[in-house]
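Any read-out appearing in this document is the output of simple, stated calculations on the displayed coordinates, not a laboratory observation. Everything quoted here is computed from the prediction, not taken from an experiment. As a convention, Cβ positions derive from the backbone with ideal geometry for all residues, glycine included, and neighbour counts pool all protein chains shown.
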């Protein structure tokens, strides 16, 4: 791999990991398994190791994981909340043990604890009273969720008399028991049914697992609502200025005596062999627990030895997490079908003989693309292994060759769209096949409208995927602009057909007066949705929520974006040529332009309406900036100030860069490169003085 190929791959991996971090930590809606995410991160780490000049200080490999939400007060952690290095390999644990012993000698003990699948929390106590509870956030600062944490019954508000320090932090994991999750999700499903949502829309809105439900609950603004969703917590690490004990094991015992909920399934081990026994035991027992775990955490027991081993920029050297691989099952591949997405992307789906896996019946699994089918070397009627990593999306991971029929034929990827029979295309460097018949391929049209009404886009209450399909099939809508010309009389009495899970039987329902009125009300209310979300709702390929916000802020209106050149769009920080190409292609299409004009006349927000107090200037017009290091405010706030004053943020150092704003702990390589290129380097204070 040459440097250009490495840079492209690093950029791609960085974008994907940031997206998945956002889905996991902020939205609580992960779309890939923990294992797949870890493999992406590991590949990025290897590339940055082999091409150190391409490594970016803001790389996901240098961050703990989460982001800060905007709904809560942000608090800086007194002791940074670092993440743990993790592995799926027992050999890596042996290597970890060997490194420990080389540094501190053979007199080492470990403490093994279960790795809970929840949300990290840090709780501060002063004079025995709960003072503050803060999420992990980005590891440096997190969200103050004290009011919500106080609703968790297992967490004491006031400790009884004891020998605890006057001021200390205790860290742990907030989670939801499986039975609680099932009960609450069932109640939520019934609530959605009563509101008139169809089956597919309900599936989309339901929480996928207890971790997601717990995360969504902890981020609610109303603590009274949080109290209705019982959460639980295990606490497992005490932080003080003066250690309460010489060992981690004894500090856990002390915390338990003070009244904290400490999980009892932890063990002190004198050898790595004992550690392995603990791991193997709970791999078999984890399904019997009332809560989810995804591995085991191994920590050096002695605090003095922990201090000697120290930390990397991201992880403690004295601890590691061993993660269990997803549970798998063997079943028969009956056939492969192909789904057409709203962008024309073709997704192959494995249709399987139903099999029980991780507590659910799996009938279908994703095969992603043609490369994956080729990698697996799939043949007709193969027996395949499937996994349901992280309780999210089942996938095919391998083939049992001993069960393959000698006459089985290899599976060849389709060459035509399964819906409109248009020849498929596959662009250079992309893994996905596409149907280019954007304006006349039925699933693409319906998919675009379904995306448009989605929760993160226009969020039109009362409309679901099957209702959209019903409106389209009845000839009432041909695109998403047509939604705004619908009348109550047209909707009332409309028959909606839906497939059951087995895709073999159909049910029918009729839209009643209340549902019809809810739809009309939802459509009218969506006219108040901000411009950035309207832009996201348009369904432009590769324009997700984050990119839509960047485009909206930079250009200010739909007309300005439509008239921008590919180069002007690509020049925006973190946009790039591929996204720019898709945006310009979208607005070059006469049909898309016409739809946008209709939306404008119907009263949708097609330009930014500035918040009160927001002031824009052109002081920095024509100047580019790179922000690097740690500042008194977040880098995002600093970048926003650059944009509000007409400047442009860029992601790397080049001759065209006008200024480098340097903060604390800036990478030496970046500083050297800027100096070599004679790029002006300014401080945060100098920048603030300039714009003020």
Item to complete: Tell me what the chain gives for mean residue ellipticity at 222 nm when only DSSP H runs of n ≥ 4 count, each as -39,500 (n - 2.57), the sum divided by the residue total, rounded to 500 deg cm²/dmol.
Response: -10500 deg cm²/dmol
Discussion item. Among [x] 46, 28, 26; [y] 42, 34, 28; [z] 44, 32, 21, only one was calculated for this model; which label is it, if the read-out is semi-axes √(5λ) of the Cα gyration tensor in Å?
Written reply: [y]
Worksheet item: Given a Förster distance of 30 angstrom, what is the FRET efficiency for residue 690 paired with residue 368, based on the Cβ-Cβ distance and rounded to 0.05?
Response: 0.05
Worksheet, complete the sentence: If 233, 420 are placed from fewest to most neighbouring beta carbons inside 10 Å, the sequence is 420, 233
Worksheet, complete the sentence: So the compactness index of segment 588-633, its C-alpha Rg divided by 2.2 N^0.38 Å, takes the value 1.93
Worksheet item: Once the mean 1/r over all distinct Cα pairs of segment 74-323 is inverted, what Kirkwood radius in angstroms do you read off?
Response: 19.5 Å
Worksheet item: Can you give the Kirkwood hydrodynamic radius of segment 442-528 from its Cα pairs, in Å with one decimal?
Response: 13.2 Å
Worksheet entry | Equivalent-ellipsoid semi-axes of segment 328-403, from the Cα gyration tensor, Å, largest first | 19, 16, 11
Worksheet item: Given that compact globular proteins tend to follow 2.2 N^0.38 Å, what is the ratio of the alpha-carbon Rg of segment 531-601 to that value?
Response: 0.98
Worksheet, complete the sentence: Listed with the fewest Cβ neighbours within 10 Å leading, 347, 146 appear as 347, 146
Response to the item:
Taking only C-alpha positions in segment 613-692, Rg and Dmax in angstrom work out to 12.1, 40
Worksheet item: Got a sec? How would 157, 433, 379 order by Cβ neighbour count within 10 Å, fewest to most?
Response: 157, 379, 433
